[in-house]
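Here is the structure we will look at.
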């Protein structure tokens, strides 16, 4: 998530828009933080997770979404060249940054 696209959602993939449009109390909901600019929150089954600038938002094969720090992402995953929204290995379906 970049500073630009955290506020301008026109380049977000459909699945991220869907998460943004969920009610905040629903697992998988993505919503802005109150009073903390430049951050989003993902409501997960494990609790609320904060998405910071430069975090990747990953969509798993079961449709769950969660943030991933850039260093962890780079050490673990590889996005397809030339895409922001792509298919990865067997464990992850899509990423967006």
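A compact table of results
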{"read-out": "Residues of the range 1-21 classified as without any contact (Cβ under 8 Å) to a residue 12 or more places away in the chain and either farther than 13 Å from residue 59 by Cα or surrounded by 10 or more Cβ atoms within 10 Å (Cβ to Cβ) (or both), total", "value": "10"}
{"read-out": "Close pairs (7 angstrom Cβ cut-off, 6 or more residues apart or separate chains): farther than 17 Å from residue 21 by Cα in the range 36-48, modelled with pLDDT under 90 and part of a loop (DSSP other than H, G, I, E, B) anywhere", "value": "38/53"}
{"read-out": "Any hit, the range 12-31, residues being touching a strand residue (DSSP E or B) at 6+ places or on another chain (Cβ under 7 Å) and at positive phi", "value": "yes"}
{"read-out": "Spans of helices (runs of 4 or more DSSP H) in the chain with at least 1 residues modelled with pLDDT of 90 or more and touching a helix residue (DSSP H, G or I) at 6+ places or on another chain (Cβ under 9 Å)", "value": "14-20"}
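The values are calculated or read from the model by the stated rules, or taken from the named source; none is laboratory data. All values derive from a computational prediction rather than experimental measurement. Heads up, the Cβs are rebuilt from the backbone with ideal geometry, glycines too, and the neighbour counts pull from every protein chain shown.
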